[in-house]
Amino acid sequence: MRPIASIGLGDLVDLDGYPVHTPDSAVYRAAVDTARVGLRAEGCAVLGGFVRPEAVVRLNGEIIERKHATHYSTQVMNPYFHTDFNPHYPADHPVNTFIQRSSGFIPGDAWDSGCATDVLFRAPEVARFIADCLEINALYCYDDPLAGLTSNICDPGQQFTWHFDTNDFAVTVLVQPADEGGLFEYAPQIRSADNEGFDAIAAVLAGGRQGVRTLDLRPGDLQIFRGRHSLHRVTRVGAGSRSRHAAIFAYTLEPGVIGRVERTRQLFGRVLPAHEEAERHRVRSDTLLD
Ligand SMILES: O=C(O)CCC(=O)C(=O)O
Ligand SMILES: [Fe+2]
């Protein structure tokens with residue numbers, strides 16, 4: 001779907017409910033305040049109906065057009081995306097608890113600059129609004145050429161099992177929900193920068209529901225999520241369901257952040273020279289397991 005004329009913010013965002021272009025307005029402040037409540041308490045905010053219904057149709061069209069570029073992968077992994085047994089930990093430890101993940105990603109380099117999905121991801125007004133919700137001065141589009149702008153595709157029978165994200169924040173727009181399953185679940189702040197929270201994580205991996213939230217997301221809802229400290233998953237999509245499509249906008253606190261070679265290969269099946277280069281100069285902001 002090539003844009004006929006350039007796409008404006010008002011074509012994509014419900015500017016009445018979310019006037020991202022007028023940060024001094026009372027409505028803007030109220031929306032930010034509401035989001036902050038969820039983010040402070042649980043590292044998660046859902047902005048209902050952020051994307052206009054016509055734009056949701058357009059985003060879904062762009063995903064369907066690029067679905068052939070989806071890289072599907074299946075792995076049996078721990079919450080840190082590792083697949084190998086680690087003899088330094090007991091067998092029932094989260095590090096050695098492996099669950100199947102099967103899903104696909106449309107990679108960053110599949111989107112044309114100027115398509116609706118790309119415009120929404122790169123709109124400075126949207127980034128500033130999200131930064132305001134997160135109570136940070138600025139945020140930056142994740143500079144990873146594959147993982148910055150993606151769509152997570154869960155086809156019938158697939159699930160994105162429990163994991164932590166590498167990037168600081170993720171912003172997701174549910175574009176096409178599954179009819180059955182495909183629900184986003186999370187265990188808020190189950191670990192922190194100085195506490196791995198292994199006992200609580202083990203309980204969730206074993207099927208425990210304590211502290212686990214399930215979101216009832218609608219198409220067009222925008223979710224802001226701190227996925228580095230909150231264990232999360234997308235439950236299995238029913239065998240007879242339609243696919244679940246989510247647009248995922250990744251942002252970071254610092255500019256110029258690029259993903260690890262190993263995880264990039266797992267998720268996208270390839271790496272670009274930029275990934276190899278970044279690996280040689282890697283700086284980490286914490287010592288948590290990745
Ligand atoms: O599709 C989603 O809602 C989130 C998927 C996810 O957690 C991820 O891509 O890391
Ligand atoms: Fe995630």
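The values are calculated or read from the model by the stated rules, or taken from the named source; none is laboratory data. Just so you know, these numbers come straight off a predicted model, no measurement behind them. Quick reminder, even Gly has a Cβ in these numbers, built from the backbone with ideal geometry, and neighbours come from all protein chains shown.
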Okay, strands (runs of 3 or more DSSP E) sitting entirely in the range 202-290 with 1 or more residues that are at pLDDT 95 or above, farther than 27 Å from Lys67 by Cα and in contact with a strand residue (DSSP E or B) (Cβ under 7 Å, 6 or more places away or on another chain), I get 231-234
May I ask you to verify whether Gln176 is more than 25 Å from Thr83 (Cα to Cα) and away from ligand 2 (no atom under 13 Å from the Cβ)? yes
Listing of strands (runs of 3 or more DSSP E) fully contained in the range 14-132 that carry 1 or more residues being closer than 26 Å to Thr161 by Cα and of a type outside the set (A, V, I, L, M, F, W, C): 71-77, 99-106
Of the residues in the range 186-201, those that are crowded, with 19+ Cβ neighbours inside 10 Å and either modelled with pLDDT under 95 or of a type in the set (Ser, Thr, Tyr) (or both) come to Tyr186
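Residues checked against (1) surrounded by fewer than 22 Cβ atoms within 10 Å (Cβ to Cβ); (2) modelled with pLDDT of 95 or more; (3) among the basic types (Lys, Arg):
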residue: Glu65; (1), (2), (3): yes, yes, no
residue: Gln100; (1), (2), (3): yes, yes, no
residue: Arg122; (1), (2), (3): yes, no, yes
residue: Asp132; (1), (2), (3): yes, yes, no
residue: Glu135; (1), (2), (3): yes, yes, no
residue: Ala138; (1), (2), (3): yes, no, no
residue: Thr150; (1), (2), (3): no, yes, no
residue: Gly157; (1), (2), (3): yes, yes, no
residue: Trp162; (1), (2), (3): no, yes, no
What are the pairs with Cβ atoms under 7 angstrom where one residue, in the range 74-86, is more than 16 Å from Ala202 (Cα to Cα) and the other, located anywhere, is among the small types (Gly, Ala, Ser)? Sequence gap at least six, or different chains. Thr74/Ser102
Sort out which residues of the range 141-153 are within 12 Å of ligand 1 (Cβ to nearest atom) and either charged (D, E, K, R) or closer than 17 Å to Phe81 by Cα (or both), and write them in order of number. Ala147, Asn152
Which listed residue is out of contact with any strand residue (DSSP E or B) (no Cβ under 6 Å at 6 or more places or on another chain) and on the phi > 0 side of the Ramachandran plot, from Glu125, Glu135: Glu135
Among the numbered conditions (1) free of Cβ contacts under 8 Å to residues at least 12 places away in the same chain; (2) within 16 Å of ligand 1 (Cβ to nearest atom), tell me where Arg236 comes up short. (1)
Here the residues within the range 218-248 that are within 14 Å of ligand 2 (Cβ to nearest atom) and among the hydrophobic types (A, V, I, L, M, F, W, C) are Ile224, Phe225, Leu231, Val234, Ala246, Ala247, Ile248
Among (1) surrounded by fewer than 18 Cβ atoms within 10 Å (Cβ to Cβ); (2) touching a strand residue (DSSP E or B) at 6+ places or on another chain (Cβ under 6 Å) - the single one Ser25 does not satisfy: (2)
How many residues of the range 154-169 are within 9 Å of ligand 1 (Cβ to nearest atom) and assigned to a strand (DSSP E or B)? The answer is 3
Restrict the check to the range 44-52 and report whether at least one residue is more than 30 Å from His229 (Cβ to Cβ) and either loosely packed, with under 14 Cβ neighbours inside 10 Å or within 24 Å of the chain's Cα centre (by Cα) (or both). yes
